[in-house]
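Each reported figure results from applying straightforward, stated rules to the coordinates on display, with no laboratory input. Because the structure is predicted, anything quoted here is derived from the model rather than measured. So basically every Cβ, Gly included, is an ideal-geometry build from the backbone, and we count neighbours across all protein chains shown.
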Amino acid sequence: MDFLAILNNAAGEILSPTTAAFALATIGLNIHFGYSGLLNFGQAGFMAVGAYAFAIFTMMVDPTATLGWPVWLSFVSAILVAIVAAVIFGLILGIPTLRLRGDYLAIVTIAAAEIIRFTVRTQDLTEITGGSQGLTGQSYKGDITALNPLTGTTYGFGPWTATAYDTWVRIIAWSIVVVALILVWLLMRSPWGRVIKGIREDEDAVRSLGKNVYSYKMQALVLGGTMGALAGVLYVLPRAVQPDNFATTMTFYIWTALLLGGAATVFGPVLGSILFWVLLSFTGGVINGLHSMGVFGDISGSQAGQLRFVIVGLALMALVIFRPQGILGNKKELSFNV
């Protein structure tokens, strides 16, 4: 078993576009749960909306060809379409549900995300969404490839070596994450952020002060969902758009990252996402190495690979028991009603 290769693969996840996408989605979920107290279990639905809106607009409506727009304007337009789609989805989801109690809201958001997934994979929409096969990456990556200023073959060093395209995607992805962190930091220090945290603590008290709690919840839902949609765009830039990638499992991964790093903290979502993917890659590499040595007997490689989720799950259980606030969290921030 090559431990050096395993460590290199795990270290490579620190700056990978996937980690950046999950960090951004976790930042959005942190606005929902950590700061607003909204139990959103449908963040994968927002990611799917953003990914499909971006890919379909780029693929079916090519402004560079039909309108003569420059490539950069076409790419920005696709991003804006993804944001608008997320806002519409957030409004449709929030208008009838934000008056529900926390546990009911969780059930509704899970159902909404699954409705999105099953809708885009239906056979009747194959010409638009690709059905169960999804959309190939070559069909929507033309703009970002054309905008790539990097002309070399590979960039970086050690485990962080990547092709020119992957390096360009990493630059874009982590730049958006940094902007999101700054935005959250500024918002939570503003009067709006104080109202949001007040709603998390006791929304009746905030309502008694004349604040429109429903409106503030809607704003938080849309803002966090928009970040989830942008995360969906970042998630599909290095790969194809596959509907089953946006299953409920993805939302659980995002929740794991949030609880690991610490809810209601600015940097907790990023730290949690990095640790989650590094640990998942490391344990997966070790288990595959042990399986190749025959340690697990006659079980298949795919079955052995699932053990990494068991190990990460046990580690999360221990974290919840011994440090429920997460690595960077504060117990006082978790003493709210949902």
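Quick notes
- With the charge dipole of the chain set up from +1 on Lys and Arg Cβ and -1 on Asp and Glu Cβ about the Cα centre, the Cα lying farthest toward the positive end among the listed residues Ala318, Ala78, Val169 is that of Ala318.
- Under Stokes-Einstein, with the Kirkwood radius over Cα pairs as Rh, the value for the chain at 20 °C and 1.002 mPa s is 102 µm²/s.
- Computed [θ] at 222 nm, helices only, for the chain once each DSSP H run of length n ≥ 4 contributes -39500 (n - 2.57): -22000 deg cm²/dmol
- Residue order for Ile95, Ile199, Ile254, fewest other beta carbons within 10 angstrom first, comes to Ile95, Ile199, Ile254.
- Around the Cα centre of the stretch 3-334, unit charges on the Cβ atoms of Lys, Arg, Asp and Glu (plus for the first two, minus for the last two) sum to a dipole of about 840 debye.
- Look at the alpha carbon pairs under 8 Å that are at least 6 residues apart: their mean separation over the length of the stretch 97-227 gives a relative contact order of 14 percent.
- Taking 15 Å as the straight-line reach from the Cα of Lys197, the aspartates and glutamates in range (excluding those fewer than 8 positions away in the same chain) are Glu333.
- Kyte-Doolittle mean at least -1.0, axial Cα span of 30 Å or more - DSSP H helices of the chain: 71-97, 164-188, 213-236, 268-292
- Relative contact order, percent, the stretch 1-114 [alpha-carbon distance under 8 Å, six or more residues apart]: 33 percent
- Modelled this way, with points 7 Å down the Cα-to-C-beta line, the labels at Thr153 and Ala247 are 3.9 nm from one another.
- Between Gln133 and Thr18, the distance separating the two model label sites (each 7 Å from Cα on the Cα→Cβ line) works out to 2.4 nm.
- Ranking of Thr167, Thr19 by neighbouring Cβ atoms within 10 Å, starting from the fewest: Thr167, Thr19.
- For Leu280, the shell of other residues with beta-carbons less than 9 Å away shows a net charge of 0, using +1 for Lys and Arg and -1 for Asp and Glu.
- Taking amide H atoms as placed 1.01 Å from N in the peptide plane, the amide H of Phe41 lies under 5 Å from those of Thr109, Ile110, each 5 or more residues away in sequence or on another chain.
- Residue-count net charge about Leu39 - beta-carbon cut-off 13 Å; Lys, Arg +1, Asp, Glu -1: +2
- Over the chain, relative contact order from alpha-carbon pairs under 8 Å, at least 6 apart, %: 35 percent
- R0 of 51 Å, Cβ-Cβ distance Ala5-Arg99: FRET efficiency to nearest 0.05: 0.45
- Fewest neighbouring Cβ atoms within 10 Å first, the residues Ser77, Ser139 line up as Ser139, Ser77.
- Counting charges near Pro70 (Lys, Arg +1; Asp, Glu -1) among other residues having Cβ under 15 Å from its Cβ returns a value of -2.
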